[in-house]
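Values in this text are rule-based calculations from the coordinates and carry no lab data. Everything quoted here is computed from the prediction, not taken from an experiment. FYI the Cβ positions are ideal-geometry reconstructions off the backbone, even for glycines, and counts take in every protein chain you see.
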Amino acid sequence: MNEVEMKDRTKQFCAAVLNLADHLPKTRKGDILDSQIMRSGTSVAANYRALCRAKSRPDFINKTSVVEEGPDDTALWLQLISEDGLIASGRVLPLLREANELTG
């Protein structure tokens, strides 16, 4: 996958996470997970774009580890959402698969 395709893929992931977050219940638990998943899910696209602008090999390596944190964190929040039944698993699992693929 080239840089342009990966930018688009991470942007689509971000949009899907934001859409999913809109369907979380307005409860304490839902609000916390909403906040967490929005933060981690939207960081994926932004951090990948920063990686594309790395200034040196050490900078690239550092940014790569930062990029991997976003989908990994998002996978945790998606697992909790699914296991708690806050959103139907059929809607969460495709995003969870994508988060795991993006983690590497």
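Remarks
- For the chain, the longest principal axis of the C-alpha atoms and the axis of helix 3-21 are separated by about 20°.
- Acute angle (nearest 10 degrees) that the helix 89-103 long axis makes with the longest principal axis of the chain, alpha-carbon atoms: 20 degrees
- Protection-proxy order for peptides 67-80, 12-25, each taking the mean of Cβ atoms within 10 Å per residue, highest first: 67-80, 12-25
- Here's the picture: charge each Lys and Arg Cβ at +1 and each Asp and Glu Cβ at -1 in the chain, and of GLN12, LEU96, ASN47 the one pushed furthest to the positive end of that dipole is ASN47.
- Helices in the chain, meaning DSSP H runs of at least 4 residues, each add -39500 (n - 2.57). Divided by all residues, the mean residue ellipticity at 222 nm is -29000 deg cm²/dmol.
- At q = 0.10, 0.14 Å⁻¹, base-10 log of I(q)/I(0) for the range 1-103 (Debye sum, equal scatterers on each alpha carbon): -0.27, -0.51
- The trypsin sites (Lys or Arg not before Pro) found in the range 2-40 that occupy coil by DSSP, while having at most 14 further C-beta atoms within 10 Å, are LYS26.
- Relative contact order (percent, whole number), the chain, Cα cutoff 8 Å, 6+ residue spacing: 28 percent
- Simple spin-label estimate for LEU80 and LYS29 in nanometres, 7 Å along Cα-Cβ: 1.1 nm
- DSSP-assigned coil residues among trypsin sites (Lys or Arg not before Pro) in the range 48-104, each with at most 14 further Cβ atoms within 10 Å: ARG53, LYS55
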